[in-house]
Amino acid sequence: MVWITYIAADGARSRVDVPGGSNLMMGAIQNNVRGIDGECGGCLSCATCHVYLDPAWQERVAPADAMETEMLEAVVAERRPTSRLGCQVRITPDLDGMPVHLPETQS
């Protein structure tokens, strides 16, 4: 298991164990973290799992591919250089302790 801390726009923190091989979206949904909707279930078609990676951790995550980059154009909240779709960020042991910031809204 890998510890991930989801940080809501209001500063509330949820520190949860996420299984390796899963993704940020599923980790949030399975642990009832508010702020990630994941309406499409992770099939890269809705952009409701938008997150902001902490800049200090960004290089530990594989870069977004062309499909994810295109879907990031559809996010409702401000898109930032650290914006990612949680369904596309795979959990690896390297991410243990990573903070993930959630946007104010997903829809």
Problem - Residue in the range 21-76 that is farthest from GLU104 (Cα to Cα), counting only those that are surrounded by 17 or more Cβ atoms within 10 Å (Cβ to Cβ) and over 13 Å from the mean Cα position of the chain (by Cα) - result: MET71
Exercise for the section: Exactly one condition in (1) within 20 Å of SER107 (Cα to Cα); (2) aliphatic (A, V, I, L, M); (3) in contact with a strand residue (DSSP E or B) (Cβ under 9 Å, 6 or more places away or on another chain) is not met by VAL2; state its number. Expected result: (1)
Exercise for the section: Within the range 92-107, track down each residue that is buried (at least 21 other Cβ atoms within 10 Å of the Cβ) and among the β-branched types (Val, Ile, Thr). Expected result: VAL100
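Values in this text are rule-based calculations from the coordinates and carry no lab data. None of the values given here were measured: they were computed from a predicted structure. Note that each Cβ is placed from the backbone with ideal geometry, even for glycine, and that neighbours are counted across all protein chains shown.
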